[in-house]
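Student: Have a look at the structure that comes next, please.
The values are calculated or read from the model by the stated rules, or taken from the named source; none is laboratory data. Here the structure is a predicted model, which means the values were calculated and not measured. Cβ placement follows ideal geometry from the backbone for every residue including glycine, while neighbour counts extend to all protein chains displayed. Note: areas computed on protein heavy atoms with side chains; ligands, DNA, RNA excluded. Shrake-Rupley method; radii C 1.70, N 1.55, O 1.52, S 1.80 Å.
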Amino acid sequence: MLIRLLAFAILIYLSWYNVSLFILISWIPLFKILNSDLSKVKIIASTFLLFVTYNLVVTYWLVEWDTLKGISVLALNSLLMESAVVLSLFLNKHKSALRNLTFIITWLAFEYIHHIWAFTWPWLTLGNTFSIQPIFVQWYQFTGVLGGSFWVLISNLSFYEQIKKGKFKITSALIVLVPMALSITMYFGDDIVSKRTNCIRVGVMLTNFSSDEYVSDSIKLALVKEEILKKDPKNLKYMLFPETFFKENIWADGFAFSKLYKELQSLSKATHTKIMSGYFLNREEEDGIYQQGNGLFKFNQYNSVIQIDTSISIPIKLKKVFIPIQEYTPSYLQIFDIHGYTNFKLLSGNKDYFKDEGQKIFMSICYESVNGIFFSDRWTDENVIFMIASEAFLRGNSIAMQQYQNICRLRAIEFSKFLFKSSNAGISSVIDERGEVVNFKRASKSVELLSYVGHTNNIQTFYSTWGWLTNKLPVFALVVLIFSSIFRQLLAIKLTFVN
């Protein structure tokens, strides 16, 4: 088992850090264990070790970020992955082709659920492996990232079956080569230039403020103004500031009358740009988790992005997907006195796009960008993607930053849109419709204005139109399998009783 684990770890490392295609054979040990003569307890224990190894190889940096929380996340996520194995064994007591099929369906259903529930952690979705080489998965614009996960699992199962039988069949080669050929053809053959509508120039603000240091909003604003004056941004259409860039005493009900708003509006007028920035937005609420005046005044904080220009309207988008525990803790775990910065009360009707003179911008805040299913569930007909983030909590870990950057590239492919990303203490970039990084820069100065050029288009991919439905197919299939298993067991009981 030790040699098998070592080989698995090496293949996973190569897949995520060098050549993503290694993932198409990395999971063969899992199918070997699933189809072994081991007891169910040993199968569960052996596969759990694989999942721990997978989590550790790819997201070891969580332990560097916070030792206790990091180890907890690695262990908990491994246990959640194990649920797919346990359910497969429960539904199929004897090893068979049906057990393999059940595992694939169960795993895909697990990945879908892991995108949408309170403890969402889609980072290790198998389809994300190809984010380092998006040329192989241009067809994500039809299937989304779960299509990549299916490709990984079916390829590994096919290779396992051939190794077990000791003979090669063309089937496995086709399973690998056909999607690759389709993707490469789409990459080089699709004339995306002719589909572009407008050229836009976006000022992406790259900042480098540590989460451990306090810098007032007034100082940040002064630094921003100084940087803007150096760069002469009058040819920019938008300026994009990072997540939670402003965070001091910003109240939803009085924001339009605040000094900060008036200064930003004045800056927007002087530069002829629309400014989109991240804020901590306070709102007085009876069930607020923050208190002032010995509990007489309660309020919640909302991670938000606000668009400011010379008009009287102030469009606001609230963040809806949160890092579990670190940013949001469900009410049933509040006994541990762990608080995030919001509840979900205001989020249901809040839109995720800003409209501007025919343009429709999908706005994503940090952790939302890792979640392609969040995008597909809330996508309408946007023609460009803006992302704001703060990577200060990563404490300069270049591996984590690069993984995050790469996973964001998949959103550009799924929706065939240019993507602009502004980050604090991380990587800011512009990414094209193929998921290729056109330009990027890692933070080094306190404030730096980057001028990035991109394009809008009116293309709506199959995934952007139907992803809200196709993402759920594994869950539907799993429900069918569960009811089928229950029916078979009831039928067996009835036959036993009759005999």
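Student: Taking only protein heavy atoms and a 1.4 Å probe, what accessible area per residue, in Å², does the chain have with all protein chains in place? If you can, show how the numbers build up before the last one.
Tutor: Numbers: 21960 Å² over 499 residues.
That works out to 44 Å² per residue.
Student: Would you list Glu286, Glu382 from the most to the least accessible area, probe 1.4 Å? Intermediate results must be reported in sequence, preceding the final value.
Tutor: Details: Glu286 175, Glu382 0 Å².
From most accessible down to least: Glu286, Glu382.
Student: Please determine, in degrees from 0 to 90 and to the nearest 10, the orientation of helix 97-116 with respect to the longest principal axis defined by the Cα atoms of the chain, where the helix direction is its Cα long axis.
Tutor: The angle comes out near 20 degrees.
Student: Under a 1.4 angstrom probe, counting protein chains only, how are Lys417, Lys298, Lys167 ranked by accessible area, largest first? Could the numbers behind the result be given before it?
Tutor: Values: Lys417 0, Lys298 70, Lys167 115 Å².
Putting Lys417, Lys298, Lys167 in descending order of accessible area: Lys167, Lys298, Lys417.
Student: All other residues with a Cβ under 14 Å from the Cβ of Arg4 taken together, and with Lys, Arg as +1 and Asp, Glu as -1, what is their net charge? Numbers along the way, then the final one.
Tutor: Numbers: positive: Lys32, Lys42; negative: none.
With Lys, Arg at +1 and Asp, Glu at -1, the net is +2.
Student: So how exposed is His272, as accessible area in Å² (1.4 Å probe, rounded to 10)?
Tutor: Roll a 1.4 Å probe over it and His272 shows about 130 Å².
Student: OK, next. If one takes the longest principal axis of the Cα atoms in the chain, at what angle in degrees, from 0 to 90 and to the nearest 10, does the Cα axis of helix 145-165 lie?
Tutor: Between the helix axis and the principal axis of the chain, the angle is about 20 degrees.
Student: Name the residue farthest towards the positive end of the dipole of region 1-119 from the options Ile3, Ala109, Leu38, assuming +1 on Cβ of Lys and Arg, -1 on Cβ of Asp and Glu, about the Cα centre.
Tutor: Leu38
Student: What is the magnitude of the charge dipole of the chain about its Cα centre, with +1 placed on the Cβ of each Lys and Arg, -1 on the Cβ of each Asp and Glu, and no other charges, expressed in debye to the nearest 20?
Tutor: Numbers: 48 positive and 38 negative charges, 279 e Å.
Charge dipole, the chain, about its Cα centre: 1340 debye, nearest 20.
Student: Which of the GluC sites (Glu not before Pro) found in region 172-241 are loop residues per DSSP with 12 or fewer other Cβ atoms within 10 Å of their Cβ?
Tutor: Loop-located and lightly packed - Glu213.
Student: Sticking with this structure for a sec: Determine how large the accessible area of Ile135 is when every protein chain is in place; take a 1.4 Å probe and give Å² rounded to the nearest 10.
Tutor: Surface open to solvent at Ile135 totals about 40 Å².
Student: How do Leu410, Leu80 rank by accessible surface area computed with a 1.4 Å probe, from largest to smallest? Mind dumping the intermediate values first?
Tutor: Details: Leu410 0, Leu80 40 Å².
Sorted by accessible area, descending: Leu80, Leu410.
Student: Separate question: Only Cα pairs under 8 Å and at least 6 apart count here; give the relative contact order of region 31-163 as a rounded whole percent. Before the final figure, lay out each step's value.
Tutor: Working: 106 pairs, mean separation 28.5, N = 133.
Rounded, it is 21 percent for region 31-163.
Student: Right, here's the next one. Considering the dipole of region 385-499 built from charges on the beta carbon (Lys and Arg +1, Asp and Glu -1) around the Cα centre, which of Ile385, Gln402, Phe487 is farthest to its positive end?
Tutor: Phe487
Student: Could you tell me the convex hull volume per residue, in Å³, taken over the Cα atoms of the chain?
Tutor: Looking at the chain, the number lands at 172 Å³ per residue.
Student: Here's something else I'd like to know. So, counting K/R as plus one and D/E as minus one, what does the shell of residues with Cβ under 13 Å around Lys355 add up to? Before the final figure, lay out the partial values.
Tutor: Working: positive: Lys274, Lys317, Lys351, Lys360; negative: Asp309, Asp352, Asp356, Glu357, Asp381, Glu382.
Its environment carries a net charge of -2.
Student: Also, quick follow-up: Mind checking the dipole of region 158-216: about its Cα centre, +1 per Lys or Arg Cβ, -1 per Asp or Glu Cβ, Debye to the nearest 20? Let's see the in-between values first.
Tutor: Working: 7 positive and 5 negative charges, 111 e Å.
Computed about the Cα centre, the dipole is about 540 debye.
Student: Please tell me the relative contact order of the chain in percent, rounded to the nearest whole number, where contacts are Cα pairs under 8 Å and at least six residues apart. Please report the intermediate quantities before stating the final value.
Tutor: Details: 878 pairs, mean separation 88.5, N = 499.
About 18 percent, as a whole number.
Student: I'd like the carbon and sulfur percentage of the solvent accessible area for region 124-280, probe radius 1.4 Å, heavy atoms only, ligands and nucleic acids excluded.
Tutor: 61 percent
Student: In addition: What is the helix-to-structure angle for 259-271, meaning the angle in degrees between its Cα long axis and the longest Cα principal axis of the chain, kept from 0 to 90 and rounded to the nearest 10?
Tutor: That works out to roughly 90 degrees.
Student: From Cα pairs below 8 angstrom and at least 6 apart in sequence, can you work out the relative contact order of region 264-310, rounded to a whole percent? Show your work: numbers first, answer last.
Tutor: Numbers: 77 pairs, mean separation 22.4, N = 47.
Relative contact order here is 48 percent.
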